[in-house]
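**Q** There's a structure below that I have some questions on.
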Amino acid sequence: MEWGAAELLRATGDRQYLNDAKRYARMAAAESWMGQEQTKHYQYYPFVNLGHFRLSDQVDRDTKKLLAGYYREGIERCTRAAEKNPYRAGVPFIWCSNNLLVALATEILLYEKMTADLRFHKFAGKQTDWLLGRNPWGFSMFTGIPEGGVYPSDVHLMTNTILKRQLRGALVDGPVYRRIFQALKGVSITEPDPLASFQDDLAVYHDDVKDYSTNEPTMDGTASAILLWVLESKVVP
């Protein structure tokens, strides 16, 4: 609602939308999945808050500072959570954990644009490193990327299975807590698991068509990742 009001303000110049956007911004504040160990499935969807950023150049200095503070609060919760992970991944391994990594890195880059504060820039890099293969399984989480590298190939996508044609650049859901994998209906893997040595209770990932919880390409995650890489290409630390 905040994002929508900010865009309507831009489109119409009607200052009532500014009041609406600021009200919704205060309602949303820093509430999100960030720093939480567990949430309900899609409880905090969309996982990334773009509203604070899109409103920030339409408001006074104090309000802009408040909006940036909301981002910083969530990011700091994630940095504390990341201290428990040797790869410094700052997200809970709930369903769509890759989407959360994209969201976290994106909000850091937006925060940088708003404030010129680069204290979290290396932390954002840890999240994108994970997505590109610096994780326990050594897998890029994007189909077909990098060329000649290790990436999801047996994804939960029927066109891929039937036509034997790979999609390039699709982001898969990503690892989940083992308890989530074991609790979902209809999910399984083809035995034996070639990644068994790298699985633990914290997180499991399977490059297997039968595992829709970790290896399903998603349009929303992929679209969000495109935005992330556009921002990444324009941010200089």
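**Q** Identify, please: which residue in the stretch 63-121 is closer than 18 Å to A30 by Cα and of a type in the set (S, T, Y) and is, among those, surrounded by the most Cβ atoms within 10 Å (Cβ to Cβ)?
**A** Y111
**Q** Would you tally the residues in the stretch 2-41 being part of a loop (DSSP other than H, G, I, E, B) and in contact (Cβ under 8 Å) with a residue 24 or more places away in the chain? Write out each step before concluding.
**A** Of all residues in the stretch 2-41, those part of a loop (DSSP other than H, G, I, E, B) come to 13-15, 29-41.
Filter once more, keeping what is in contact (Cβ under 8 Å) with a residue 24 or more places away in the chain: 29-30, 32-39, 41.
Residues meeting the conditions: 11.
**Q** Please verify whether the stretch 132-143 includes one or more residues that are farther than 21 Å from D220 by Cα and of a type in the set (S, T, Y).
**A** Applying the first criterion (farther than 21 Å from D220 by Cα) to the stretch 132-143 yields 134-138.
Add one more test, that the residue is of a type in the set (S, T, Y), and what stays is none.
No, the stretch 132-143 has no match at all.
**Q** Do you know which residues across the stretch 181-217 are open to solvent by less than 20 Å² (accessible area, probe 1.4 Å), among the hydroxyl-bearing types (S, T, Y) and out of contact with any helix residue (DSSP H, G or I) (no Cβ under 6 Å at 6 or more places or on another chain)?
**A** Y205, T214 - these are the residues of the stretch 181-217 that are open to solvent by less than 20 Å² (accessible area, probe 1.4 Å), among the hydroxyl-bearing types (S, T, Y) and out of contact with any helix residue (DSSP H, G or I) (no Cβ under 6 Å at 6 or more places or on another chain).
**Q** While we're here: Only residues that are in a helix (DSSP H, G or I) and either acidic (D, E) or free of Cβ contacts under 8 Å to residues at least 40 places away in the same chain (or both): list them for the stretch 49-65, please.
**A** First, pick out the residues of the stretch 49-65 that are in a helix (DSSP H, G or I): 51-56, 61-65.
Within the stretch 49-65, R61, D62, K65 qualify.
**Q** Sticking with this structure for a sec: Can you find, within the stretch 20-62, the residue that is nearest to T115 (Cα to Cα) among those that are open to solvent by less than 30 Å² (accessible area, probe 1.4 Å) and polar (S, T, N, Q)?
**A** S56
**Q** Then there is this: Please give the number of the condition K113 fails out of (1) on the phi > 0 side of the Ramachandran plot; (2) in contact (Cβ under 8 Å) with a residue 60 or more places away in the chain; (3) basic (K, R).
**A** Checking K113 against (1) on the phi > 0 side of the Ramachandran plot; (2) in contact (Cβ under 8 Å) with a residue 60 or more places away in the chain; (3) basic (K, R), the one that fails is (1).
**Q** Right, something else. How many of the residues making up the stretch 175-218 are assigned to a helix (DSSP H, G or I) and not β-branched (V, I, T)? Reasoning before the result, please.
**A** Going through the stretch 175-218, the residues assigned to a helix (DSSP H, G or I) turn out to be 178-183, 196-198.
Among the residues that remain, those that are also not β-branched (V, I, T) are: 178-179, 181-183, 196-198.
Of the residues in that region, 8 qualify.
**Q** Now for a separate question. Just to check your reading of the model, which residue among I226, I162 is in a helix (DSSP H, G or I), open to solvent by 20 Å² or more (accessible area, probe 1.4 Å) and farther than 30 Å from G69 by Cα?
**A** On the way: I226 fails: farther than 30 Å from G69 by Cα.
The unique qualifying residue is I162.
The values are calculated or read from the model by the stated rules, or taken from the named source; none is laboratory data. Predicted model, so just to flag it, every value in this text is computed and none were measured. Here Cβ is always computed from backbone atoms with ideal geometry, including for glycine, and neighbour counts include all displayed protein chains. Only protein heavy atoms, including side chains, enter the accessible area calculation; ligands, DNA and RNA are left aside. Shrake-Rupley method; radii C 1.70, N 1.55, O 1.52, S 1.80 Å.
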